[in-house]
Amino acid sequence: MRSVVLAALSIALGANLAFAAAASRADGPDEAMLRPVRELVSFMITLDAAHLRRSFASSDVTVMENFAPYLFIGPGARRLWEEGFRRHAADGHLSELAADLGKAATFERQHDRVYFSLPTTWTGKSGGRKFIEHGAWAFVLTSTRDGWRIRNYSWAVTDIALVD
C-alpha cells in the first residue's frame, strides 16, 4: 500500500512540475508585456495622463506604492493612484526623472496572466537634490483583446541615496 501511495504522489508531483514548467517561461516578458510598464514610466516622468490610457486593466486593479495612502484598490484605483502620484511628485518636487528597467528577475505565465519582477533604478532630483533610488516592481498583467494591461503592481525601494 505504501508503494502505491508513493507512486501516486510521485505521479502527482511530476504532473504538477510539468504543468508549472508549461505555465511559465524562463526568458521573461516580451515587448508587448513591457509596453504598459513603459507607458507607466512615461507618465511618471512627464505626468501626461495620455500615457495611462491603455496601461491598466479596466477593473480589479490594485497598486501598492511608497506614497500615501500606499494601497490603491477597488473602483477607481488607477485614477486614485494617478492623483496620489501627482501629489507625491509635487510634494517631493520631483524633476528630471529617468528609469532604468533591469532584466526581469522572475517571470511566470499562466493562461491570460503573467507575473514578473523588474529591478529598477530611478534617478532625478527631489527638492533640487540629485537622487538615485534602487528598487523592484512586481507586476501582474492580464491579457485583453487590446493587449497586456497592468492588473496589479507593487513598488519597493531597496536603497536610496542623495547625490551631491
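No lab work stands behind these numbers, since they all come straight from the coordinates. Remember, predicted model here, so these are calculated numbers, not experimental data. For neighbour counting, all protein chains shown are included, and Cβ atoms are generated from backbone atoms with ideal geometry for every residue, glycine included.
Considering the range 137-162, and only residues there that are among the charged types (D, E, K, R) and out of contact with any helix residue (DSSP H, G or I) (no Cβ under 9 Å at 6 or more places or on another chain), the residue that is surrounded by the most Cβ atoms within 10 Å (Cβ to Cβ) turns out to be Arg151. Looking at Glu96, is it crowded, with 16+ Cβ neighbours inside 10 Å, of a type outside the set (Gly, Ala, Ser) and assigned to a strand (DSSP E or B)? So Glu96 fails the test. Within the range 101-150, being of a type in the set (D, E, K, R), in a strand (DSSP E or B) and within 16 Å of Pro29 (Cβ to Cβ) holds for Glu108, Arg109, Arg113, Arg149.
Would it be correct to say that Thr123 is within 16 Å of the chain's Cα centre (by Cα) and either β-branched (Val, Ile, Thr) or farther than 18 Å from Asp60 by Cα (or both)? So Thr123 fails the test.
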